[in-house]
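Right, one structure below, let's go through it.
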Amino acid sequence: MNVKKLESLKNRARDIRVLIIKMLVEAGSGHPGGSLSATDILTCLYFHKMNYDPTDPLRDRFVLSKGHGVPALYATLVKAGYLEEKEVMTLRKINSRMQGHPDHFRLPLMETSAGSLGVGLSIAQGMALAAKIDEKNYKTYCMIGDGEIQEGQMWEAFMSAPKFKLDNLVCILDYNQGQIDGPVKEVMDIEPIAEKLKSFNWHVIEINGHNLEEILNALYEADSIKDKPTFIIAHTVKGKGVSFMEGVIDWHGKAPSQEEGEKAIKEILNG
Amino acid sequence: MAKATRAAFGEAILELGEKDKDLIVLDADLSKSTQTQKFSKKFPHRWFEVGIAEANMIGIGAGLALAGKKPFVCSFACFLIGRFETIRISLAYNRANVKMVGTHCGIGIGEDGYTQMSLEDIACMRSLPEMSIVQPADEIETKQCIEYMLQHKGPVYIRLTRQALEDVHTLRYKFQFGKGDVLKEGKDVALLATGGVVYNTLQAAEELEKLGVKATVVNIHTIKPLDKELIFNLSKKIEKFVTVEDHNIYGGLGGAVAEALSEQTPRKLLRIGVNDVYAESGTPEDVYKKYGLDAEGIFSKIKKFLQK
């Protein structure tokens, strides 16, 4: 990866973070923590790895199973040129396509509706399976949250993807370690998650989810794996990029005030 | 000849699978019961065994549909509706083009008892906007209904029986989605039945006729969208209404007809079904007798209702 390309991706991620904060300030509610933790991964997917044109039936697909992180996806799609900034600023407002959680019907750019945790990986598998049936090459990426792994349906999906040999499916865990009631470790520990997924016959890669080079390397490594799906454990920081939000669970589902937003944006731009 | 609607479904997809390569079938360890096994042998690359994991099956079905396929997800009706959250978000809210096939509906399954008897499924499905709900009454109707549903776009719930059903239609029959199917006309009472009990209702109507009571009998194969126009037209000339279904009397056909009537022309309504109780094991015949869904039970309830 050349330095120039990395620099441009970093700038993209920075712009996305700024827009997330602006949207949430305007909306007055929403989930900054898990949006900011997912930003670098989304940047790598949409601005480098994915073959993405929403009108192309053979496009790579991205399923945001942790639907509460959708401000990050809206912001990414603005920067990618598929949504207008003016429209995403109507997030969570009446008559907007920018629903609080992804709504595929109102906004087909969302590959699926999501927000009830634990259901997205099954849907992503259906998409990957369709590609296999048709012998098409597109890939399906699914981002899940860590607390989400506590849902039973996740484990049904963890079992079936290897059975169907879905090497065109990549599940990315945004492991930011926090959920509403506290640290994931305390609420309901998911560890040892790498060993669990390995024993379920997934190819497991562990990375720093804010290191762009590591993210891209993992995504390319997944391309080379045959006959089994890939599980990328991306260690992330909730609220990444804003010092007063980083690692603070209280910022899971609370929007910043105007003043906090300005402070956050200043930090992101200086970071 | 009497045939279970699940068996008719199994035959229908076998034929339709030839014509439509996008027809995919998923099952959750019940392929012998849901009758998708023959399809699995004939089209092994378009049939997927998901194991005892219905939520995952429904989700995978939604994903397949969002990628352009036409999946049928099949299990006992009770196990599908038990995964309501996934149905609600992955399937319904997405308007995913998935055909849910719930077999072994109602108390008609007999010996297995309450845990396998879906008696709430219609009520739950009715609460989902844009969900279509169909329940065919015999083999002929099932085959036409499945063929129709394959080309229909959007989420569909198809409710089928374990038990064999006598024919109520001839081969001349034409299934019309969303339209009530009038089997018999009479001015004294309107009997609206759905699914496996349509035949029993016709038999009850014959008994009523012996008493000089002329009944209109309508097979409501499409419970949602309900044929409100037909109900409204009937309510203009008929004073008393009866619904018959193998489902809880709350929220199913009885609920739907009660709502439609009270919105238009309120009429006296008797809802025959499972009377808000947990049913029990027994031979299908004994269970239908005890809970009053056999022809005799239906007849005597209607008789009492008309005497009031």
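The values are calculated or read from the model by the stated rules, or taken from the named source; none is laboratory data. As the structure is a computational prediction, the values presented were derived from the model and not from experiment. We place every Cβ from the backbone using ideal geometry, glycine too, and count neighbours over all the protein chains shown.
Could we say that A:Lys93 is within 14 Å of chain B (Cβ to nearest Cβ) and among the basic types (Lys, Arg) here? Please lay out each step first, then the result.
Values: within 14 Å of chain B (Cβ to nearest Cβ): no; among the basic types (Lys, Arg): yes.
The answer is no for A:Lys93.
Out of the residues in region B:83-106 meeting the condition of being within 12 Å of chain A (Cβ to nearest Cβ) and more than 18 Å from A:Asp103 (Cβ to Cβ), tell me which one is surrounded by the most Cβ atoms within 10 Å (Cβ to Cβ). Write out each step before concluding.
Initially, region B:83-106 is screened for residues within 12 Å of chain A (Cβ to nearest Cβ), giving B:83-98.
If we keep only those that are more than 18 Å from A:Asp103 (Cβ to Cβ) as well, we get B:83-84.
On the way: B:Arg83: 24, B:Phe84: 18.
Taking the candidates together, the pick is B:Arg83.
A quick yes/no check of all residues on (1) basic (Lys, Arg); (2) part of a strand (DSSP E or B):
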{"position": "A:Met143", "(1), (2)": "no, yes"}
{"position": "A:Trp155", "(1), (2)": "no, no"}
{"position": "A:Phe158", "(1), (2)": "no, no"}
{"position": "A:Lys165", "(1), (2)": "yes, no"}
{"position": "A:Glu186", "(1), (2)": "no, no"}
{"position": "A:Lys196", "(1), (2)": "yes, no"}
{"position": "A:Asn201", "(1), (2)": "no, no"}
{"position": "A:Leu216", "(1), (2)": "no, no"}
{"position": "A:Glu221", "(1), (2)": "no, no"}
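Which residues, taken from region A:223-242, are touching a helix residue (DSSP H, G or I) at 6+ places or on another chain (Cβ under 7 Å) and either in a loop (DSSP other than H, G, I, E, B) or free of Cβ contacts under 8 Å to residues at least 40 places away in the same chain (or both)?
Hits for region A:223-242 are A:Lys228, A:Pro229, A:Thr236, A:Val237, A:Lys238, A:Gly239, A:Lys240, A:Gly241, A:Val242.
Determine which member of the set B:Ala204, B:Ala215 is over 17 Å from B:Gly292 (Cα atoms) and small (Gly, Ala, Ser). Show your work before the answer.
Details: B:Ala204 fails: over 17 Å from B:Gly292 (Cα atoms).
Answer to the selection: B:Ala215.
State all residues of region B:22-47 that are within 20 Å of B:Gln116 (Cα to Cα) and either touching a strand residue (DSSP E or B) at 6+ places or on another chain (Cβ under 9 Å) or of a type in the set (S, T, N, Q) (or both); if no residue qualifies, say none. Working first, answer last.
Here is the first cut: in region B:22-47, the residues within 20 Å of B:Gln116 (Cα to Cα) are B:26-36.
B:Leu26, B:Asp27, B:Ala28, B:Asp29, B:Leu30, B:Ser31, B:Ser33, B:Thr34, B:Gln35, B:Thr36 - these are the residues of region B:22-47 that are within 20 Å of B:Gln116 (Cα to Cα) and either touching a strand residue (DSSP E or B) at 6+ places or on another chain (Cβ under 9 Å) or of a type in the set (S, T, N, Q) (or both).
Considering only residues that are surrounded by 22 or more Cβ atoms within 10 Å (Cβ to Cβ) and in contact with a Leu (Cβ under 6 Å, 6 or more places away or on another chain), which ones fall in region B:10-52?
B:Ile24, B:Phe39, B:Phe48, B:Val50 - these are the residues of region B:10-52 that are surrounded by 22 or more Cβ atoms within 10 Å (Cβ to Cβ) and in contact with a Leu (Cβ under 6 Å, 6 or more places away or on another chain).
Hey, among the residues in region A:116-130 that are part of a loop (DSSP other than H, G, I, E, B) and at the interface with chain B (Cβ under 7 Å from one of its Cβ atoms), which one's surrounded by the most Cβ atoms within 10 Å (Cβ to Cβ)? Please lay out each step first, then the result.
Taking region A:116-130 and keeping what is part of a loop (DSSP other than H, G, I, E, B), we get A:116-119.
With the extra rule that they be at the interface with chain B (Cβ under 7 Å from one of its Cβ atoms), the set shrinks to A:116, A:119.
Numbers: A:Ser116: 19, A:Val119: 32.
Restricting to residues being part of a loop (DSSP other than H, G, I, E, B) and at the interface with chain B (Cβ under 7 Å from one of its Cβ atoms), the top hit is A:Val119.
Would region B:295-307 turn up any residue that is over 19 Å from B:Ile223 (Cα atoms) and either in a loop (DSSP other than H, G, I, E, B) or at pLDDT below 95 (or both)? Explain how you work it out, then say what you get.
Kept after step one, since they are over 19 Å from B:Ile223 (Cα atoms), are these residues of region B:295-307: B:295-307.
Right, trim to either in a loop (DSSP other than H, G, I, E, B) or at pLDDT below 95 (or both) and you get B:307.
Yes - at least one qualifying residue is present in region B:295-307.
Looking at A:Ser113 and the list (1) facing chain B (nearest Cβ under 7 Å); (2) farther than 17 Å from B:Tyr93 by Cβ, which single condition is not satisfied?
The one condition A:Ser113 does not meet is (2).
Quick check on this structure: which one of A:Phe62, A:Phe47 is in a helix (DSSP H, G or I) and either within 12 Å of chain B (Cβ to nearest Cβ) or not β-branched (Val, Ile, Thr) (or both)?
Selected residue: A:Phe47, the only one of A:Phe62, A:Phe47 that is in a helix (DSSP H, G or I) and either within 12 Å of chain B (Cβ to nearest Cβ) or not β-branched (Val, Ile, Thr) (or both).
Report, by residue number, each residue of region B:40-71 that is touching a residue at least 40 places away in the same chain (Cβ under 8 Å), more than 7 Å from chain A (Cβ to nearest Cβ) and farther than 25 Å from A:Glu151 by Cα.
Scanning region B:40-71 gives a single hit, B:Lys70.
In the set B:Gly212, B:Gly154, B:Gly186, B:Gly196, which member is assigned by TED's automatic domain parsing to the domain that holds B:Glu296 and under 19 Å from B:Cys74 (Cα atoms)?
On the way: B:Gly212 fails: under 19 Å from B:Cys74 (Cα atoms); B:Gly154 fails: assigned by TED's automatic domain parsing to the domain that holds B:Glu296; B:Gly186 fails: under 19 Å from B:Cys74 (Cα atoms).
On inspection, the qualifying residue turns out to be B:Gly196.
Confirm whether A:His235 is touching a Ser or Thr at 6+ places or on another chain (Cβ under 9 Å) and either modelled with pLDDT of 95 or more or surrounded by fewer than 19 Cβ atoms within 10 Å (Cβ to Cβ) (or both).
Working: touching a Ser or Thr at 6+ places or on another chain (Cβ under 9 Å): no; either modelled with pLDDT of 95 or more or surrounded by fewer than 19 Cβ atoms within 10 Å (Cβ to Cβ) (or both): yes.
So A:His235 fails the test.
Looking at B:Ile107, B:Ile81 in this structure, which one is under 18 Å from the mean Cα position of the chain (by Cα) and in contact (Cβ under 8 Å) with a residue 60 or more places away in the chain?
Only one candidate qualifies: B:Ile107.
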